Amino acid sequence: MIPAAFDYTAPESVADAITALGSDSEEIKVLAGGQSLIPVLRLRLAAPTLLVDIGRIRELGGITDEGNTLVIGAMTTHAEMADSELVKEHASLLAKAVETVADPQVRHRGTLGGALVHADPAGDLLAPILALDAELVVAGADGERTVAAADFFEDMFTTTVGENEILTRIRIPKHTGWGSHYEKFTRVAQQWSIIAVGVTLKVDGGVISQAKVGLTNMSSTPIRASAVEQALVGQAPTADTASRAAAVAAEGTNPPTDTNGDANYRRHLAKVLTGRAVQAAVSG
Amino acid sequence: MTRIKILVDGVDYSDDVEPRTLLVHYLREQLGKTGTVVGCDTSNCGACTVLLDNSSVKSCTVLAVQANGHEVTTIEGLAIDGELHPMQQAFHENHALQCGFCTPGMVMQSIDLLHDNPSPTEQEVREGLEGNLCRCTGYQNIVKAVLAAAAAHRESAPGAVPSGGST
């Protein structure tokens, strides 16, 4: 299968990329790592007239430590995040979720920015980014704006990033010393999440002092499991606490029904997986 | 048409390609490197795996223009003067193939796997090859071959990391 013909440009700066996005080509797509877009082009589910390849923009790479914040360039690959000591230490939930994405070849090419803007509800990095209260920096012709992860995802495959904008970097408040776990449910080794649960929590003096829980594929966007978070905070990190929190995991969700399972099955999975994820997060 | 310059299996190429040309089609149809095969055309099977700057990629999911200025190693670049790469040798000795169609991708991904983790457990080999499908389901000997290559490498060059033949 061969994509429909398109024009191609590979700018070397964010400013040039934004200029290219403002050109009068009929349908413009941004190419990041291409691990979702190229299959879509090959199947001709999309046929853009111009592809703006942001893979040569150096300022979009790199993982940096900015005091209380970890800053990840949008073009950072999954493999780079999985290997990063900074990510493992300060955003361990993201490091663990990244390891579950697709396969090693895809992780070598796929990028954090690409995954977030693609906004597949079954994508594994969206819920962790939401749970970690990240901020996303979006650049356009009028400069940059910063969007909270909670306001970034608007619907299935839809984010707040406009047609003439690109996501440049992701700012994650450090969660140093927090336990975490990403529990993903699939039927075969290499599959999109049927659902997944990301938990990160802090234990102080034998009590869970803070807890953040994100759900993958339990709605058209990633969502926080607020009821689970409330059920955890202030409690001892025991099996009892985990099962009480897990019991409310499906509250406020609106899971899809598809060939992998119906909505009720996903609600059931959310409870089971939340219990497992909380228990694992407590121990690391 | 876009002009690209790529180092493939140690040889510099400079070619005009359509931007929509997939790397695997450039390798096979423009360079004649048919050792890299198209298996599924859906990014699932990994048969088209090559090394791009020494990291494994599915060449059906990379545009040739994205590889401009970079270095590609295919299955055809592994043997040197007719002598098989140690991973090819291990596949040969362990009969790690049935129909052989997945073999080019399996060998390339196995090289990447040992590059990241020179002493994998059996489970780590299976996980490292999760992006490569063998429709004959001949995984047992493939896993055996990768473990044998890792062991042979440890004996011959302790501390060193295996890499592609042309790099």
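The values are calculated or read from the model by the stated rules, or taken from the named source; none is laboratory data. What you see is a predicted model; the values in this text were computed from it and never measured. Heads up, the Cβs are rebuilt from the backbone with ideal geometry, glycines too, and the neighbour counts pull from every protein chain shown. What goes into the accessible areas is simple: the full protein's heavy atoms, side chains included, and nothing from ligands, DNA or RNA. Shrake-Rupley method; radii C 1.70, N 1.55, O 1.52, S 1.80 Å.
Which sequence of B:Glu155, B:Glu122 reflects their accessible areas, 1.4 Å probe, from the largest down?
On the way: B:Glu155 155, B:Glu122 90 Å².
So the residues, ranked largest to smallest area, are B:Glu155, B:Glu122.
Evaluate E = 1/(1 + (r/R0)^6) for A:Asp65 and A:Thr257, where r is the Cβ-Cβ distance and R0 equals 60 Å; express this FRET efficiency to the nearest 0.05.
Working: r = 43 Å, r/R0 = 0.72.
Using R0 = 60 Å, I get an efficiency of 0.90.
Between the beta carbons of B:Thr34 and A:Glu99, assuming R0 = 30 Å, the FRET efficiency works out to 0.30 to the nearest 0.05.
Of all the accessible heavy-atom surface of the protein assembly as shown, with the other protein chains kept in place and a 1.4 Å probe, what percent is carbon and sulfur?
On the way: 8970 of 18850 Å².
With neighbouring chains kept in place, the figure for the protein assembly as shown is 48 percent.
Scan chain A and hand back the longest stretch that contains none of the trypsin sites (Lys or Arg not before Pro) lying in DSSP loops with at most 12 other Cβ atoms within 10 Å. The longest uninterrupted stretch comes out as A:45-186.
Between B:Asp81, B:Asp53, B:Asp12, the Gaussian network model of chain B with springs among Cα atoms under 10 angstrom shows the greatest mean-square fluctuation at B:Asp81.
In what sequence, largest accessible area first, do A:Ile172, B:Ile75 appear using a 1.4 Å probe? Each step should come with its number before you reach the end.
Details: A:Ile172 0, B:Ile75 30 Å².
Accessible-area ranking of A:Ile172, B:Ile75, largest first: B:Ile75, A:Ile172.
Annotation: per residue accessible area for the protein assembly as shown equals 42 Å², rounded to a whole number [probe 1.4 Å, protein chains only].
Under the rule of -39500 (n - 2.57) per DSSP H run of 4 or more residues, summed and divided by the residues of chain A, what mean residue ellipticity at 222 nm is obtained, to the nearest 500 deg cm²/dmol? Can you show the working numbers first?
On the way: 12 runs with 91 residues, N = 284.
Dividing the helical sum by the residues of chain A leaves -8500 deg cm²/dmol.
When the surface is traced with a 1.4 Å probe over the full set of protein chains, A:Asp24 keeps roughly 150 Å² accessible. Note on B:46-54: average number of Cβ atoms from other chains within 10 Å of each residue's Cβ is 2.
With the helix formula -39500 (n - 2.57) applied to DSSP H stretches of n ≥ 4, chain B reaches a computed 222 nm mean residue ellipticity of -8500 deg cm²/dmol. With θ taken as phi - 60° and the Karplus curve 6.51 cos²θ - 1.76 cosθ + 1.60 applied, the whole-hertz 3J(HN,Hα) list for segment A:155-168 is 6, 3, 6, 9, 10, 6, 5, x, 4, 9, 10, 9, 6, 9 Hz, x standing for glycine and proline.
Order B:Tyr13, A:Tyr182, most accessible first, counting only protein heavy atoms with a 1.4 angstrom probe.
Working: B:Tyr13 60, A:Tyr182 15 Å².
The most accessible residue leads, giving B:Tyr13, A:Tyr182.
For B:60-70, what's the mean count of beta carbons from other chains sitting within 10 Å of each residue's beta carbon? Numbers along the way, then the final one.
Numbers: counts 4, 12, 7, 11, 0, 7, 10, 0, 4, 2, 0.
For this peptide, the per-residue mean of nearby foreign Cβ atoms is 5.
Couplings 3J(HN,Hα) of segment B:86-99, computed from phi: x, 6, 4, 4, 5, 5, 4, 5, 9, 6, 8, 7, 10, 7 Hz, in residue order, whole Hz [Karplus 6.51 cos²θ - 1.76 cosθ + 1.60, θ = phi - 60°; x for Gly and Pro].
Summarising the amide proton neighbourhood of A:Val30: residues at separation of 5 or more, or on other chains, whose placed amide H is nearer than 5 Å comprise A:Val52. Close amide H pairs (under 5 Å, H built 1.01 Å from N) link B:Ala47 with B:Gly39, B:Cys40, B:Leu133, residues at least 5 positions away or on another chain. Between amide H atoms placed 1.01 Å from N, distances below 5 Å from A:Val203 occur with A:Gly179, A:Ser209, all of them 5 or more places distant or on a separate chain.
How big is the A/B interface in buried accessible area, both sides summed, 1.4 Å probe, to the nearest 100 Å²?
On the way: alone 12890 and 8340 Å², together 18850 Å².
When A and B are taken together, about 2400 Å² of accessible area is lost.
Considering only alpha-carbon pairs that sit under 8 angstrom and 6 or more positions apart, the relative contact order computed for chain B is 25 percent.
What the phi angles of segment A:110-126 give under the Karplus curve with 6.51, -1.76 and 1.60, with θ = phi - 60°, is a coupling list of x, 10, 5, x, x, 5, 6, 6, 4, 6, 5, x, 8, x, 7, 9, 6 Hz, glycine and proline written as x. A crude spin-label estimate for the pair B:Glu130 and A:Ala4, with each label 7 Å from Cα along the Cβ direction, gives 3.5 nm. At the residue level, A:Tyr265 shows approximately 80 square angstrom of accessible surface with a 1.4 angstrom probe and all protein chains present.
Estimated at 0.36 nm per residue, the fully extended path between A:Glu27 and A:Leu45 surpasses their Cα-Cα distance by 5.2 nm.
To the nearest 10, the accessible area of A:Ser283 is 100 Å² with a 1.4 Å probe. In chain A, taking the dipole from charged Cβ atoms about the Cα centre, the farthest positive-side position among A:Ser84, A:Thr257, A:Val117 is held by A:Thr257. Here the label points at B:Tyr13 and B:Asp53, each 7 Å from Cα along the C-beta direction, are separated by 1.9 nm in the simple model. For the peptide B:16-22, the mean number of other protein chain Cβ atoms found within 10 angstrom of a residue's Cβ is 5.
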